[in-house]
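My questions will all concern the structure given below.
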Amino acid sequence: MDLVLGTAQFGQQYGITNKSEKYNNYNELEDILILLSQKGFYKLDTAQSYGDSEKMLGSIGVKDFDITSKIKLPKNLSDNKNKIIDSVGNSLINLGIDKLDCLLAHNSDFLKANKGEAINLINSLKNNNLIDKFGISVYEPSDILDSNLLDVIQFPCNIFDHRFLTLNQSINNKMTWQCRSIFLQGILLESFEKLPTYFTRYFDVFQNYHKNFPSLLDRMSACISFVMQQQFQEFIVGVSCANELKDIFYSIEKHQDDLLNKNKLNGFSCEMQELIDPRLWRDN
């Protein structure tokens, strides 16, 4: 399984537990990219909506990396085709590259309107050498509307959220399945007392989880091992500093040396939508 570096934490403070002051630190991002390449990984995930992430990456230089970026697509594709192509071109300018490895749509509802328009847009982007692959970034299994048009699907999955686990075995085996949110915006790593008060209503869930994985490294190893035991091709990790990425690589190596019990990790599945979907989280 291949690791992809998510860059949402650069150019903005992203994640409910992220208090890092290094989100606009070019030197820190450069150290992260150096460490990533030293470990043999060359895939980055960004988006136009990730603050200054694209511009920061372009300023440092990322021509040796395969880059995915994301945009929101309108339902009416034909009337907005040129705007979409220009938008992808702006991402390429910001990143300082000639072509995206992959373009993901933040939304899938454009597939409902007119399949022919979607096919035309995707082919135009590929034929104009703006992208190699096209896909969607989804929140729920019901968002997957027409997998035959997709090269990549990016979806949330973690030790609490198992909704997508069986889909990749039944839908379009040629498609790349890319798992994100493996730390659930950091709440799966944070100690319970440091979580926002909203999560106190899930005390029993977290008490059991922390009982089994008491330390930060225990929890990180559990989250990574859970994902690496699944039938996905890629998973995304986001970090705010090089030391966090070092801890992730340590956990990956630990997983390879000491495989955590799969049945144990699968036992933390949670169906409470208000916990596993960050869009539903509240301030209190």
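The values are calculated or read from the model by the stated rules, or taken from the named source; none is laboratory data. Everything numeric here is computed off the predicted structure, so don't read it as measured data. Cβ: placed from backbone, ideal geometry, glycine included. Neighbour counts: every protein chain shown.
Being buried (at least 16 other Cβ atoms within 10 Å of the Cβ) and on the phi > 0 side of the Ramachandran plot is the requirement here; does G51 meet it?
On the way: buried (at least 16 other Cβ atoms within 10 Å of the Cβ): yes; on the phi > 0 side of the Ramachandran plot: yes.
So G51 fits the description; yes.
Here are some conditions: (1) among the aliphatic types (A, V, I, L, M); (2) buried (at least 22 other Cβ atoms within 10 Å of the Cβ); (3) modelled with pLDDT of 95 or more. L150 meets all but one. Which one does it not meet?
It is condition (3) that L150 fails.
Looking for something modelled with pLDDT under 90, at negative phi, more than 17 Å from the chain's Cα centre (by Cα) and not charged (D, E, K, R) - is there at least one such residue anywhere in the range 172-188?
Yes, the range 172-188 contains at least one residue that is modelled with pLDDT under 90, at negative phi, more than 17 Å from the chain's Cα centre (by Cα) and not charged (D, E, K, R).
Sticking with this one: Looking for something closer than 25 Å to M1 by Cα, buried (at least 18 other Cβ atoms within 10 Å of the Cβ) and within 21 Å of the chain's Cα centre (by Cα) - is there at least one such residue anywhere in the range 89-96?
No: zero hits.
Report yes if some residue within the range 120-141 is within 21 Å of L57 (Cα to Cα), surrounded by fewer than 17 Cβ atoms within 10 Å (Cβ to Cβ) and touching a helix residue (DSSP H, G or I) at 6+ places or on another chain (Cβ under 9 Å); otherwise report no.
There is at least one residue in the range 120-141 that is within 21 Å of L57 (Cα to Cα), surrounded by fewer than 17 Cβ atoms within 10 Å (Cβ to Cβ) and touching a helix residue (DSSP H, G or I) at 6+ places or on another chain (Cβ under 9 Å).
(1) under 21 Å from P156 (Cα atoms); (2) at pLDDT below 90: which one isn't true of F235, the others all being true?
Only one criterion in (1) under 21 Å from P156 (Cα atoms); (2) at pLDDT below 90 is unmet by F235, namely (2).
Tell me which residues, restricted to the range 263-276, are under 19 Å from Q230 (Cβ atoms) and either surrounded by 12 or more Cβ atoms within 10 Å (Cβ to Cβ) or not polar (S, T, N, Q) (or both).
Of all residues in the range 263-276, those under 19 Å from Q230 (Cβ atoms) come to 263-271, 276.
Those that are under 19 Å from Q230 (Cβ atoms) and either surrounded by 12 or more Cβ atoms within 10 Å (Cβ to Cβ) or not polar (S, T, N, Q) (or both): K264, L265, N266, G267, F268, S269, C270, E271, I276.
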